[in-house]
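Participant: My questions all concern the structure below.
The values are calculated or read from the model by the stated rules, or taken from the named source; none is laboratory data. Small disclaimer: the values here were computed from a predicted structure and weren't measured. As a convention, Cβ positions derive from the backbone with ideal geometry for all residues, glycine included, and neighbour counts pool all protein chains shown. The protein model used for the area step is the full one, side chains on, heavy atoms only, and it has no ligands, DNA or RNA in it. Shrake-Rupley method; radii C 1.70, N 1.55, O 1.52, S 1.80 Å.
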Amino acid sequence: MLELLNNPISTCSQKVRLTLHEKGLAFTDTRIDFRKKEHLTPDYLAINPDGVVPSLLHDGQAVLDSSVIMEYLDEVFPDVPLTPADPLGRAEMRKWLRFIEEVPTAAIRIPSFNQVFVRHRAGLTDDALEEDTNARTLRRTFYREMGRNGFSDTRLRESYERLNETVTRMDAALADRAWLCGDLSLADFCVVPTIDRMRDLGLPQIWDNKPHMQRWWAAMQTRPAYRATYYPGTRVTDIYHEIGEPA
Ligand SMILES: N[C@@H](CCC(=O)N[C@@H](CS)C(=O)NCC(=O)O)C(=O)O
């Protein structure tokens with residue numbers, strides 16, 4: 001029995017939902033409400049001490065961290081393989097997973113919080129702001145830097161630079177192949193939520209002149225797993241209607 005504790009608009013949750021759907025695995029979809037701070041309750045912290053989503057429960061055992069969960073699912077349920085069969089291919093895929101975690105996954109948080117989520121901190125008193133920051137187990141320094149008004153223009157520029165770098169690398173890799181590692185793999189699903197969020201935030205001009213990446217993106221969006229993952233309410237523009245105007 002698989003239970004995914006996750007949030008509809010969380011990019012990390014979307015990586016795992018994409019994987020579960022692509023592999024045709026049934027799961028209990030338990031939604032964690034960030035506004036109610038359900039990810040910071042003692043019960044949730046007992047499952048995931050980092051106070052972040054997603055968390056997978058497999059027969060009651062916790063598996064944590066979205067990329068680790070993706071690899072775990074692919075190992076335990078090998079019927080629809082999303083990992084190359086040979087060691088060199090696996091190394092290439094893992095190199096993509098590490099790059100995606102280090103560069104675009106971190107970068108997309110800056111415009112996401114500046115354009116969308118920081119607003120929920122705007123009206124907090126100094127004490128409430130401090131309390132909210134200290135409650136963020138894994139992300140305390142991130143929330144401290146964001147403060148009440150969001151990240152600096154310099155940090156935003158650096159993020160756009162890293163997102164550009166990601167799309168440029170993807171376009172080069174996809175010049176002679178349909179998917180990042182040749183066959184469809186976890187690497188493709190790992191980066192989809194960042195790309196989808198970029199479009200959601202009104203940043204698709206970043207891949208204007210990237211024809212291979214555009215072909216990849218069009219193909220990805222036709223997949224049933226993609227459509228199942230992005231049900232209504234999974235995008236920031238579903239909730240915050242003014243977002244998504246071209247930046
Ligand atoms: N490395 C972790 C990071 C998970 C993470 O940062 N999740 C975000 C949503 S995408 C979260 O739960 N944030 C909670 C918060 O900001 O308080 C993973 O990939 O699972």
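Participant: Return a yes/no flag: does region 95-114 have any residue that is charged (D, E, K, R), part of a helix (DSSP H, G or I), within 25 Å of PRO49 (Cβ to Cβ) and in contact with a helix residue (DSSP H, G or I) (Cβ under 8 Å, 6 or more places away or on another chain). Even if it seems obvious, please write down each step before you answer.
Facilitator: Taking region 95-114 and keeping what is charged (D, E, K, R), we get 95, 98, 101-102, 109.
Adding the requirement that they be part of a helix (DSSP H, G or I) leaves 95, 98, 101-102, 109.
Cutting the leftovers down to within 25 Å of PRO49 (Cβ to Cβ) gives us 98, 101-102, 109.
Cutting the leftovers down to in contact with a helix residue (DSSP H, G or I) (Cβ under 8 Å, 6 or more places away or on another chain) gives us 101, 109.
Yes, region 95-114 contains a residue that is charged (D, E, K, R), part of a helix (DSSP H, G or I), within 25 Å of PRO49 (Cβ to Cβ) and in contact with a helix residue (DSSP H, G or I) (Cβ under 8 Å, 6 or more places away or on another chain).
Participant: When region 79-94 is examined, which residues are found to be surrounded by 13 or more Cβ atoms within 10 Å (Cβ to Cβ), out of contact with any strand residue (DSSP E or B) (no Cβ under 8 Å at 6 or more places or on another chain) and part of a helix (DSSP H, G or I)?
Facilitator: ARG90, ARG94
Participant: Scan region 211-239 for residues that are on the phi < 0 side of the Ramachandran plot and open to solvent by less than 30 Å² (accessible area, probe 1.4 Å) and report the count.
Facilitator: Total satisfying the criteria: 10.
Participant: Being touching a residue at least 12 places away in the same chain (Cβ under 8 Å), open to solvent by less than 60 Å² (accessible area, probe 1.4 Å) and not in a loop (DSSP other than H, G, I, E, B) is true for just one of ARG197, ARG169. Which residue is that?
Facilitator: The conditions single out ARG197.
Participant: Same structure, new question: Among the residues of region 33-56, write down those that are farther than 19 Å from GLU71 by Cβ, open to solvent by less than 60 Å² (accessible area, probe 1.4 Å) and near the ligand (Cβ under 8 Å from one of its atoms).
Facilitator: The answer is HIS39, LEU40, GLY51.
Participant: Within region 109-139, can you find the residues that are in contact with a Leu (Cβ under 7 Å, 6 or more places away or on another chain), within 11 Å of the ligand (Cβ to nearest atom) and of a type in the set (A, V, I, L, M, F, W, C)?
Facilitator: ALA135, the sole residue that qualifies.
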